[in-house]
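Remarks on the structure that follows.
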Amino acid sequence: MGLEEKLPSGVLLTTVEAVAGYARKGSLWPATFGLACCAIEMMAVGGPRYDIARFGMEVFRASPRQADLMIVAGRVSQKMAPVLRQIYDQMPNPKWVLAMGVCASSGGMFNNYAIVQGVDHVVPVDMYLPGCPPRPEMLIDAILKIHDEIQGMKLGANAIREQNLEEAAALTAAPTLEMRGLLR
Amino acid sequence: MSAEDVIYEAGHDDADAYADSYDTSDGRVFTLSGGDWDTVTPPSEGEKERIVVNMGPQHPSTHGVLRLILELEGETVTETRCGIGYLHTGIEKNMEYRTWTQGVTFVTRMDYLSPFFNETAYCLAVEKLLGVTEEIPDRASTIRVMMMELNRISSHLVALATGGMELGALTAMIFGFRERELLLDIFEMVTGLRMNSAYVRPGGVAQDVTDDQINRIRETLPLLKKRLKDTSDLLVDNAIWMGRTVGIGYLDLASCMALGITGPILRSTGLPHDLRKSQPYCGYENYEFEVQTTDTCDVYGRFLIRIGEMHESIKIVEQALDRLRPGPVMIEDKKIGWPARLSIGSDGQGNSPEHIKEIMTESMEALIHHFKLVTEGFRVPAGQVYAAIESPRGELGAHVVSTGGTRPYRVHFRDPSFNNLQSTAAMCDGSMVSDVIAAVASIDPVMGGVDR
């Protein structure tokens, strides 16, 4: 986002990457995006027993402009989808999205006219967390996995190289149609 | 010329605020955008400047995804409107495509802070329609009462916690969620899930409560009492808390009656209306408890009622625990009672080995009942009923219509959050912006229940 993105590839950049990743994962601020049942469990994670403050994340920001992580906690209705997208757009880069619960991940048990069948129809999702609702421990686990991802995030030239590699891999990957046998 | 330019110009020609239009080669295209303040009308002569503030649906203090549209004059609210529907889930429609038993799984997710109330209201309605209300085992009814009252405490705790958080009392939130965990531990122990348990089924409850679990509940209650006292000590005589709540969100008895308000809001006007007393269900007539009322008609009064009801609920749970007698927890009729007896094996949760043995080796009839109930479900005689219970938020009613099939024709819930939300405008018009938050927190709407 700033100077670090302009560094040339090499030892210096990898060191800056590690420091930036460490700092970013250590103060990842979630946006409050509670929708339904999962929101209550998300608040429980902020409560005393599960205490998300241990991971530097107790500051649930009311304004998306101050947040890095959007935890989509609950079922997203067709009416809510544009609001969700707007909030995502208001968040500054770099940003991450965690689809909490089956409803946000895939529509879950509500396969009907009212619910968006997975929030990935609206915003790019970094982590899917199943459960109805997931236990607070599961949410913490998902958050820690996002932390790992953030720690290993590339910057500048390295990020561009990584993106190119990912795109090349995606282009040569076998489509689901051609997959055979037990898909697991 | 881009599409935006066309719209822009057309907007000048025939200005329809709600339907911009422009000509294309395929004909005239209208862009509809209505129901919002998306056009600004300049104030007319003598009219003051009008400010419309849109609060929500993503706002930390609107109690979920409630959207409030406030018209302001300075800091005074002159008009309040509620925008709902942001959590519409189509639960009632989905239930029309599932068996009667599966319906429980859906209703539990409506008002997600009081799952046992939703389940019980629905099951009481289905049982009424089946005509088996009298055949529900005592133990099942007592367990229902016990779980509902524990649920009432956890729901009120969240009401206090989120209400406190919205007014800036973060300690209240920390306390509320700490105490709630005690109750969630009980729910998890009894039903297997912290929330959305689908525990109450038509005909009884899904699983029996073991003696071990009863002892654990007994051990939890004294701790809960002590902790509840901490919470009430923190807030009841707190000058800041009283400053934010006393005399705020005023709604008197006549307005409550006109708007169909029930629950703590109605009881804060001094009317001791409680369905547990006025039309008892699940054997509530056998329990001793007092209906909590205040006569202040304000947010503080509703807060006191919630505190009082939590203590009354503990009393009811204690009585329920004493009343538990060994016996079945599911109706005798094998054509209705869900056959499964679950247990936890090395490979996870499933039907207990005894039950598998019975249906696979011993009783052909048991196998047939199991198969029919699980694949098709039971049939419910045609007709319609309404069953209402007292949820933490007021009268929760289930209107269930059957055409005689294995699935409901229609299930409609009268959710108290929805009806109580009507009072927002009556409470907030003419008050300050900060009082709107307090008033909405005292209504304690759960949007899952409002929108369903």
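The values are calculated or read from the model by the stated rules, or taken from the named source; none is laboratory data. What you see is a predicted model; the values in this text were computed from it and never measured. Note that each Cβ is placed from the backbone with ideal geometry, even for glycine, and that neighbours are counted across all protein chains shown. We work out accessible area using only protein heavy atoms, side chains counted, and drop any ligands, DNA or RNA first. Shrake-Rupley method; radii C 1.70, N 1.55, O 1.52, S 1.80 Å.
Report the extension gain between B:L170 and B:E285 in nm, rounded to one decimal, defined as 0.36 nm multiplied by the number of residues separating them, less their alpha carbon distance.
Using 0.36 nm per residue and subtracting the Cα-Cα distance, I get 37.6 nm.
Given the options A:E149, A:E58, A:E162, which has the most mean-square fluctuation in a GNM of chain A, springs set between C-alpha atoms less than 10 angstrom apart?
In the Gaussian network model the winner is A:E162.
Among the lysines, which fall within straight-line cross-link reach of A:K95, defined as a Cα-Cα distance under 25 Å, with same-chain neighbours fewer than 8 residues apart omitted?
Cross-link targets: A:K6, A:K25, A:K79, A:K145, A:K154.
Which of rounded, prolate, oblate describes region B:213-255, given a ≥ b ≥ c as roots of the alpha-carbon gyration tensor eigenvalues and a/c under 1.5 marking rounded, otherwise prolate only if a/b is larger than b/c?
oblate
Quickly work out the A:M179-to-B:L253 label distance, labels modelled 7 Å from Cα along the C-beta direction, and quote it in nm with one decimal.
Taking the two extended label points, one gets 6.6 nm.
Just to verify a number: what accessible area does A:L182 come out at with the full protein assembly present, 1.4 Å probe, Å² rounded to tens?
140 Å²
Below 8 Å between Cα atoms, with a sequence gap of 6+, how large is the relative contact order for region B:369-452 in percent?
23 percent
Can you compute the helix-only [θ] at 222 nm over chain B? Use -39500 (n - 2.57) per DSSP H run of at least 4 residues, normalise by all residues, nearest 500 deg cm²/dmol.
One gets -14000 deg cm²/dmol as the mean residue ellipticity at 222 nm.
Top mean-square fluctuation among A:G56, A:G21, A:G46, Gaussian network model of chain A, C-alpha springs under 10 Å?
A:G56
For B:T78, enumerate residues with amide H under 5 Å from its amide H, sequence gap 5+ or separate chain, H modeled in the peptide plane.
Distant-sequence amide H within range of B:T78: B:E71, B:L72, B:E73, B:G430.
Output the peptides B:361-367, A:112-118 sorted from most to least packed, where packing is the average of other Cβ atoms within 10 Å over each peptide's residues.
A:112-118, B:361-367
Name all residues of region B:403-427 having a backbone nitrogen under 14 Å from the label point set 7 Å from the Cα of B:R81 along its Cα→Cβ direction, giving them as ranges.
Answer for region B:403-427: B:425.
Can you compute the FRET efficiency between B:K357 and A:N164 using 1/(1 + (r/R0)^6), with r the Cβ-Cβ distance and R0 = 60 Å? Round to the nearest 0.05.
So, using R0 = 60 Å, E works out to roughly 0.50.
Arrange the residues B:F371, B:F303 by how much accessible surface each exposes, largest first, with a 1.4 angstrom probe.
If we order B:F371, B:F303 from most to least accessible, we get B:F371, B:F303.
For Cα pairs less than 8 Å apart in space and 6+ apart in sequence, what is the mean separation divided by the residue count of region B:183-311, i.e. the relative contact order in percent?
21 percent
What is the set of long-range amide H partners of B:W100 at a cut-off below 5 Å, with H atoms built 1.01 Å from backbone N?
Amide H neighbours of B:W100, under 5 Å, 5+ apart: B:F378.
Can you tell me how much longer the chain between A:R49 and A:N112 gets when fully stretched, taken as 0.36 nm per residue apart minus their C-alpha distance, in nm with one decimal?
19.1 nm
Long-range amide H contacts for B:S391: which residues qualify at under 5 Å (H placed 1.01 Å from N, peptide plane, sequence gap of 5 or more or a different chain)?
It is B:L396, by chain and number.
Helix by helix through chain B, keep the DSSP H runs that span 20 Å or more along the axis on Cα and average at least -1.0 on Kyte-Doolittle, and give those back in order.
The qualifying helices are B:115-130, B:138-166, B:170-191, B:211-235, B:299-323.
Using a 10 Å cut-off around each Cβ of peptide B:94-102, what is the average number of partner chain Cβ atoms that fall inside?
Partner Cβ neighbours, averaged per residue: 1.
If you roll a 1.4 angstrom probe over the protein chains with everything in place, what fraction of the accessible area of region B:409-452 belongs to carbon and sulfur, to the nearest %?
C and S atoms contribute 57 percent here.
Please compute the modelled spin-label separation between A:D141 and B:D23, points set 7 Å along Cα→Cβ, answer in nm with one decimal.
6.4 nm
Please give every one of the lysines within straight-line cross-link reach of B:K229, meaning a C-alpha to C-alpha distance under 20 Å, and leave out same-chain neighbours fewer than 8 residues apart.
Hits, sequence-local ones excluded: B:K315.
Net charge within 9 Å of B:G449 by Cβ-Cβ distance, Lys/Arg positive one each and Asp/Glu negative one each, not counting B:G449 itself?
Value of the local net charge: -1.
Order of B:89-96, B:227-234 by packing, highest average Cβ count within 10 Å first?
Ranking, from highest mean packing down: B:89-96, B:227-234.
Report the residue, chosen from A:P124, A:P64, A:P136, that carries the largest GNM mean-square fluctuation when chain A is represented by alpha-carbon nodes joined by springs under 10 Å.
Residue with maximal mean-square fluctuation among A:P124, A:P64, A:P136: A:P124.
Based on the Cβ-Cβ distance from B:N238 to A:W29, what FRET efficiency comes out when R0 is 30 Å, to the nearest 0.05?
0.50
Taking every DSSP beta bridge with both residues inside the protein assembly as shown, roughly what % is antiparallel (nearest 5)?
Of those bridges, close to 75 percent are antiparallel.
Where a ≥ b ≥ c are the square roots of the eigenvalues of the C-alpha gyration tensor, would you call chain B rounded, which needs a/c under 1.5, or, failing that, prolate if a/b is larger than b/c, or oblate?
Cα axes put chain B in the oblate bin.
How many Å² of accessible surface get buried when A and B come together, counting both sides, probe radius 1.4 Å, rounded to the nearest 100?
The buried area between A and B, both sides summed, comes to about 3000 Å².
Based on the inverse mean of 1/r over its pairs of different Cα atoms, what is the Kirkwood hydrodynamic radius of the protein assembly as shown, in Å?
Result for the protein assembly as shown stands at 27.0 Å.
If I take every Cα pair under 8 Å that is 6 or more residues apart in chain B, average their sequence separation and divide by the length, what percent do I get for the relative contact order?
It comes to 23 percent, rounded to a whole number.
Only four residue types carry charge here, +1 at the Cβ of Lys and Arg and -1 at the Cβ of Asp and Glu. Report the dipole size of chain A about the Cα centre in Debye, rounded to the nearest 20.
That gives a dipole near 340 debye.
Given the Cα-Cα distance of B:L324 and B:A366 and 0.36 nm per residue of separation, how much length would full extension add, in nm?
12.3 nm
Going by a ≥ b ≥ c, the root eigenvalues of the Cα gyration tensor, does chain A fall in the rounded group (a/c under 1.5), the prolate group (a/b larger than b/c) or the oblate group?
Verdict is oblate for chain A.
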